[in-house]
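Beneath this line is the structure, given in structure tokens, with notes to follow.
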Amino acid sequence: MPLTLLPDLGDLLRLQPQLNAGTIVEALRALGAPGLLWASSPDPDHPLRDALPAARLTVTDLPGDDWTWADAEYEQLTGFLGQFPAGRERLRAAGRAEAVLAELVTAPLTLPGVLDPAFLAQVQEQTLAVRAALDEGPGTRWRERRLTELAARLNAHDGVALVPLDDLPDLLSRLPGAALPDLRAFGPGETSRLRALADRAWQLNETDDLGGLLAALHRETGDPVTPRAELDAAAAGIHLAVGDLPEARTLLERAAHALTDDLPRSLPGLVLARLGQVRDALGDRELAQRTYRAVLALNHAPQVARDAATAGLSEAFRLELT
């Protein structure tokens with residue numbers, strides 16, 4: 001397979017019902033790809049870091065430089081520009097372009113829609129607007145240099161590569177042998193639907209139909225990307241949100257007992273951190289502390305779970321209902 005570039009939305013995958021981590025798994029299967037080359041965010045808690053290995057798809061990291069220094073230079077530049085009227089106007093122009101880009105990537109998306117040249121042109125228009133406002137260099141976090149180096153590394157590979165959505169149009173122009181996948185006939189399936197349900201249940205808001213969410217979670221049996229243990233943990237979060245601590249504990253303990261090495265790697269930390277909080281709220285402080293320590297002893301736990309466990313060891317969790 002020639003080099004094929006697949007767009008990545010990063011953590012925004014958790015917000016897209018029809019373009020989530022399960023959707024990417026299904027797309028790779030549709031392409032007949034055994035995995036992908038990772039040329040996107042280094043975030044260890046990226047949703048695909050869970051989904052791809054759970055689906056038995058390989059992830060090969062593309063070696064690259066650390067660009068955190070560019071973030072520091074960007075902050076210095078914007079701080080300097082903010083001291084002058086003309087500089088503040090340039091920052092406002094860049095901010096307008098970034099706001100348009102944010103609207104593009106947070107609207108409901110599909111994978112074929114994101115791959116449409118017209119959509120990619122809209123994305124590129126906003127990155128060019130930021131460059132026009134702040135100039136290439138610190139104002140773009142040295143985007144041209146970074147993309148040129150990234151393209152040179154990608155050029156030596158074939159197969160499917162995952163790249164940030166906003167980098168995709170510029171990488172295509174730098175990689176004549178690369179192409180977008182032909183997914184015009186692709187549509188999300190059961191893996192995507194189940195992933196969307198769990199993502200929604202982890203992110204509750206005041207307008208949610210909690211009863212409907214619970215019923216949907218309990219109907220499902222799960223799959224490798226979104227196993228039954230995660231569905232139970234997500235359901236427990238709903239019970240916790242309404243103050244039903246006993247049922248939350250029952251579901252979380254069932255989820256904890258179902259954990260295996262085959263499950264998504266973030267799940268044990270998420271389940272145990274929430275279980276520690278529920279045990280704390282029920283007054284079982286000693287057992288809660290042991291549960292928090294179990295989170296911190298894991299080889300991998302997402303940062304949100306580690307933060308919850310650290311806070312729980314420092315001070316007992318208390319449930320505050322509004």
Residue in segment 40-62 that is crowded, with 18+ Cβ neighbours inside 10 Å and over 19 Å from the mean Cα position of the chain (by Cα) present: no
Regarding Leu272, is this residue more than 24 Å from the chain's Cα centre (by Cα) and under 20 Å from Ala241 (Cβ atoms)? no
In segment 151-166, anything acidic (Asp, Glu) and under 17 Å from the mean Cα position of the chain (by Cα) is listed as Asp166
Is there a residue being over 20 Å from the mean Cα position of the chain (by Cα), assigned to a helix (DSSP H, G or I) and at negative phi anywhere in segment 261-268? no
Taking the residues in segment 103-119 that are of a type outside the set (A, V, I, L, M) and outside any helix (DSSP H, G or I) as candidates, determine which candidate is surrounded by the most Cβ atoms within 10 Å (Cβ to Cβ). Thr110
State all residues of segment 205-259 that are outside any helix (DSSP H, G or I), among the hydrophobic types (A, V, I, L, M, F, W, C) and modelled with pLDDT under 95; if no residue qualifies, say none. Val242, Leu259
Looking for something closer than 30 Å to Gln126 by Cα, modelled with pLDDT of 95 or more and among the aliphatic types (A, V, I, L, M) - is there at least one such residue anywhere in segment 184-201? yes
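Condition check ((1) assigned by TED's automatic domain parsing to the domain that holds Leu162; (2) modelled with pLDDT under 95; (3) farther than 18 Å from Arg265 by Cβ) across all residues:
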residue: Pro2; (1), (2), (3): yes, yes, yes
residue: Pro7; (1), (2), (3): yes, no, yes
residue: Val25; (1), (2), (3): yes, no, no
residue: Leu36; (1), (2), (3): yes, no, no
residue: Ala51; (1), (2), (3): yes, no, no
residue: Thr78; (1), (2), (3): yes, no, yes
residue: Arg90; (1), (2), (3): yes, no, yes
Exactly one of Arg184, Arg228, Arg174 is in contact (Cβ under 8 Å) with a residue 24 or more places away in the chain, among the basic types (Lys, Arg) and loosely packed, with under 14 Cβ neighbours inside 10 Å, and that one is Arg184
Which ones in segment 142-164 are out of contact with any Lys or Arg (no Cβ under 9 Å at 6 or more places or on another chain), within 20 Å of Ala70 (Cβ to Cβ) and surrounded by 21 or more Cβ atoms within 10 Å (Cβ to Cβ)? Val163
Only one of Ala248, Ala234 is more than 24 Å from the chain's Cα centre (by Cα) and surrounded by 15 or more Cβ atoms within 10 Å (Cβ to Cβ); which? Ala248
Listed by first then second residue, the pairs whose first member lies in segment 268-281 and is assigned by TED's automatic domain parsing to the domain that holds Ala54, whose partner is modelled with pLDDT of 95 or more and in a helix (DSSP H, G or I), with beta carbons under 7 Å and at least 6 positions apart or on separate chains, are none
Scan segment 67-88 and give yes if some residue there is under 23 Å from the mean Cα position of the chain (by Cα) and either in a loop (DSSP other than H, G, I, E, B) or farther than 27 Å from Arg174 by Cβ (or both), otherwise no. yes
Could you list all residues from segment 295-320 that are assigned to a loop (DSSP other than H, G, I, E, B) and exposed (fewer than 14 other Cβ atoms within 10 Å of the Cβ)? Asn299, Glu315, Arg318, Glu320
Residues Gly139, Gly79: which one is small (Gly, Ala, Ser) and exposed (fewer than 12 other Cβ atoms within 10 Å of the Cβ)? Gly79
Only one of (1) in a helix (DSSP H, G or I); (2) in contact with a Ser or Thr (Cβ under 7 Å, 6 or more places away or on another chain); (3) under 22 Å from Val271 (Cα atoms) fails for Asp166. Which number is that? (3)
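Results for (1) closer than 30 Å to Ala133 by Cα; (2) of a type in the set (Phe, Trp, Tyr), shown as yes or no for each residue.
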{"residue": "Leu5", "(1), (2)": "yes, no"}
{"residue": "Gly10", "(1), (2)": "yes, no"}
{"residue": "Arg14", "(1), (2)": "no, no"}
{"residue": "Gln18", "(1), (2)": "no, no"}
{"residue": "Ala30", "(1), (2)": "no, no"}
{"residue": "Leu37", "(1), (2)": "no, no"}
{"residue": "Pro44", "(1), (2)": "no, no"}
{"residue": "Pro53", "(1), (2)": "no, no"}
{"residue": "Phe84", "(1), (2)": "yes, yes"}
Do any residues in segment 283-310 that are in the same structural domain as Glu253 (by TED's automatic domain parsing) and closer than 9 Å to Gly269 by Cα have Cβ atoms under 7 Å from those of residues that are among the β-branched types (Val, Ile, Thr) and surrounded by fewer than 21 Cβ atoms within 10 Å (Cβ to Cβ), where the two are at least six apart or on different chains, and which pairs are they? none
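The values are calculated or read from the model by the stated rules, or taken from the named source; none is laboratory data. These numbers come from a predicted model, not from an experiment. Using ideal geometry, Cβ is built from the backbone for each residue, glycine included, and neighbour counts are taken over all protein chains shown.
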